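*Asks:* Here's a structure for you.
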Amino acid sequence: MGLRIHNTLTRQKEPFEPLTPGEVRMYVCGITAYDLSHLGHARSALVFDVIRRYLEFTGTRVRFVRNFTDVDDKIIKRAEKDGVSPAEVSERYIAEYQNDMKRLGVLPANVEPKATAYIPQMIALIERLLARGFAYVVDGDVFFEVRRFERYGCLSGKNLDELLAGARVEVDERKRDPRDFALWKSAKPGEPSWDSPWGPGRPGWHIECSAMSMEHLGSPFDIHGGGEDLIFPHHECEIAQSEAATDTPFVRYWVHNGFVQINKEKMSKSLGNFFTIREIFEKSPYGVPVTAEALRYFLLATHYRSPVDFSDDALWEAKRALDRFYGLFQRLDESSGAAGPPQRGAAGPGDRLLPPLLERLGEGFRQAMDDDFSTPGAIAQFQLLRGELNRLIDAGLSRRSGEQAREQFRSFGQVLGLFQSSWREWEFGIVHQVRAAEAVAVTVKVDVTVTKNSLTDEEIEQKLAERNEARRRKDFARADEIRAELAAFGITIEDRPDGTSRWKR
């Protein structure tokens, strides 16, 4: 069937046909660099990271451009508040964003242009719009005349006559129509500015993405993406100014991801339900810090166009789901060949059943991802194989087959950024750090109650039984306390996929 993508422009899934076979040119709107990036930014970055990874996985060459807005009203206001230059503000938060993306495992774009480096291209584009009669100058400001572009509203579905000046439309009595938008803003005292044919000033928000995308990808190009909040007015205005200037279609496929919600409401600063990416990584649902894989799993378990509801419980469930996968990888490593012939290359009883299972994973994974990048469907294929492999291990699986199965998880999982660690790194690298943190967190409590330097095996077993009972009651706080108490004595607990636990000194 081939890849099908939901195109916001046509409001339906369409077969994906790049302009140049085997190559895709993709532009994604990045951040306005005035503050720390939040979970909504993480979701958008992750969605297009996976889209890019999958296209490359299928053998497609991708040129991926993601911009930074480094001059804007919000940046200027932040600079005034912090007593620094706008450039210092933007550089600081671009660096913070890049650190967040590295921690999340998002690949850097091929090109990451900053708006202030493309002022000449923006001026040239505005001059072209003026020459073609789509823009006008008022007191050093340049506005796009929306009524001159008949297709305005084609992306958002908004009727031009029904649009009224409001929160997202600048009100300015000098405009010919309140819906006209700024292409160039005349300089104000103390603000950064650049020389132009209309006097010193700076570009409007919308013009920068048209100029940068066409500079690096040409026009038209294949995919333009971003969060659904950018559909109107930002992407709508991009289409208008770009196509008015060139007389050619701007973009073939428009792709937008859904919102992140907190308790069914859109995450926003005004509602006080706002989490930065840094804060998410510092959270510890049930005493367990968030990892990049857990956050990726949580976000990818919902289709990219649907809203995703954030909670500590949801993060915890994502972590537990990954525990089960890494528990399988441990079983594959420790148990392969145990029930079959002892020779490394000899076949076990379950070996003949493995090839069709791996083939089914490949087919199911591709079918899911070809259906508008359905990451929930792809994850379901991994879950199905996990259950089947646990049964094959019980029947007897050779080490060679175990390694082959693990490699399939790693190969297909890299598209989602999952399953790339070894089970030892997952269990003993990440979890030991977690347990050390837990031990520190309860040091005072432990110091009060503990008067000896070690525990007997019987005492450890009693503690473990108490912890298992707490877990059965879903009293995870008490279960974490017991884990920390044992950690203070150098005892680590390993929770197995089958629900049982074991301990080590």
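*Asks:* For the residues Met101, Met369, what sequence is obtained by ranking on other C-beta atoms within 10 Å, fewest first?
*Replies:* Least crowded to most crowded, the residues run Met101, Met369.
*Asks:* Explain nothing, just compute: Karplus ³J(HN,Hα) = 6.51 cos²θ - 1.76 cosθ + 1.60, θ = phi - 60°, for every residue of segment 387-401 in order, whole Hz, x for Gly and Pro.
*Replies:* Those phi angles translate into x, 5, 5, 4, 6, 5, 4, 4, 6, x, 9, 5, 4, 4, 5 Hz.
*Asks:* Another question, if that's okay. Which of Leu397, Leu129 has the fewest other C-beta atoms within 10 Å, and how do the rest follow up to the most?
*Replies:* Ranking Leu397, Leu129 by Cβ neighbours within 10 Å, fewest first, gives Leu129, Leu397.
*Asks:* Assign one of three labels to segment 103-245, namely rounded, prolate or oblate, based on the Cα gyration tensor with a ≥ b ≥ c the square roots of its eigenvalues; rounded applies when a/c is under 1.5, prolate when it is not and a/b is larger than b/c, and oblate otherwise.
*Replies:* oblate
*Asks:* Rounded to the nearest 0.05, what FRET efficiency is calculated for Asp161 and Ser422 with R0 set to 45 Å and r the Cβ-Cβ distance?
*Replies:* 0.15
*Asks:* For segment 316-416, compute Rh as the Kirkwood radius over C-alpha pairs and then the Stokes-Einstein diffusion coefficient at 20 °C and 1.002 mPa s; write the answer in µm²/s, rounded to an integer.
*Replies:* Stokes-Einstein gives a translational diffusion coefficient of 155 µm²/s.
*Asks:* Which whole-number percentage describes the relative contact order of segment 1-114, with Cα contacts under 8 Å and a sequence gap of 6 or more?
*Replies:* 29
*Asks:* Mind giving me the nanometre distance, one decimal, between the label points for Trp194 and Asp247, set 7 Å out from Cα along Cα→Cβ?
*Replies:* Taking the simple label geometry, Trp194 and Asp247 are separated by 2.7 nm.
*Asks:* Calculate, in whole percent, how much of the Cα-Cα pair population of the chain lies beyond 28 Å.
*Replies:* Here the long-distance tail beyond 28 Å is 62 percent of all Cα pairs in the chain.
*Asks:* Stick to the Cα atoms of segment 256-319, pair each with every other, and give me the Kirkwood hydrodynamic radius in Å at one decimal.
*Replies:* Hydrodynamic radius (Kirkwood, Cα only) of segment 256-319 equals 12.1 Å.
*Asks:* Hey, another quick one. Okay, which of segment 182-219 sit inside 13 Å, backbone N to the point 7 Å along the Cα-Cβ direction of Ala87?
*Replies:* From segment 182-219, the list is 192-194.
*Asks:* Next question. If the limit is 19 Å between Cα atoms, which of Lys77/Lys264; Lys81/Lys283; Lys77/Lys185; Lys114/Lys188; Lys77/Lys188 go over it?
*Replies:* From Lys77/Lys264; Lys81/Lys283; Lys77/Lys185; Lys114/Lys188; Lys77/Lys188, over 19 Å: Lys77/Lys264; Lys81/Lys283; Lys114/Lys188.
*Asks:* Residue by residue, what Karplus-based ³J(HN,Hα) values in Hz, rounded to whole numbers, does segment 6-14 have, using 6.51, -1.76 and 1.60 with θ = phi - 60° and x for Gly and Pro?
*Replies:* 6, 9, 4, 5, 9, 6, 7, 6, 10
*Asks:* Still on this structure, I have one more. Figure the gain on full extension for Ala95 and Ser335 (residue separation times 0.36 nm, minus the Cα-Cα span) and round it to one decimal in nm.
*Replies:* Full-extension gain reported as 81.9 nm.
*Asks:* Let me ask something else about it. If you place +1 on the Cβ of every Lys and Arg, -1 on the Cβ of every Asp and Glu, and leave all else neutral, what size is the dipole of the chain about its Cα centre, to the nearest 20 Debye?
*Replies:* That gives a dipole near 980 debye.
*Asks:* Suppose R0 equals 41 Å; then what is the FRET efficiency for Asp457 and Arg103 from their Cβ-Cβ distance, rounded to the nearest 0.05?
*Replies:* 0.55
*Asks:* Full-extension gain between Val111 and Arg151, please, as 0.36 nm times their residue separation minus the C-alpha to C-alpha distance.
*Replies:* 11.4 nm
*Asks:* Assuming R0 = 22 Å, what is the FRET efficiency of Asp475 and Glu317, from their Cβ-Cβ distance, to the nearest 0.05?
*Replies:* 0.85
*Asks:* How far apart, in nm, are two points set 7 Å out from the Cα along the Cα-to-Cβ line at Leu384 and at Phe57?
*Replies:* Once both label points are built, they end up 1.5 nm from each other.
*Asks:* In nm, give the distance between the simple-model label positions of Glu265 and Glu173, each being 7 Å from the Cα along the Cα-to-Cβ direction.
*Replies:* So the two model labels end up 3.7 nm from each other.
*Asks:* For segment 18-262, what does the alpha-carbon gyration tensor say about shape, rounded, prolate or oblate, given a ≥ b ≥ c as the root eigenvalues, a/c under 1.5 as rounded, and a/b over b/c as prolate?
*Replies:* The shape class here is oblate.
*Asks:* With contacts defined as alpha carbon pairs under 8 Å and 6 or more residues apart, what's the relative contact order of the chain in percent?
*Replies:* Taking the mean separation of contacting Cα pairs over the length of the chain, I get 14 percent.
No lab work stands behind these numbers, since they all come straight from the coordinates. For clarity, every value in this text was computed on a predicted model and none was experimentally measured. No Cβ is skipped: glycine too gets one built from the backbone with ideal geometry, and neighbour counts run over all protein chains shown.
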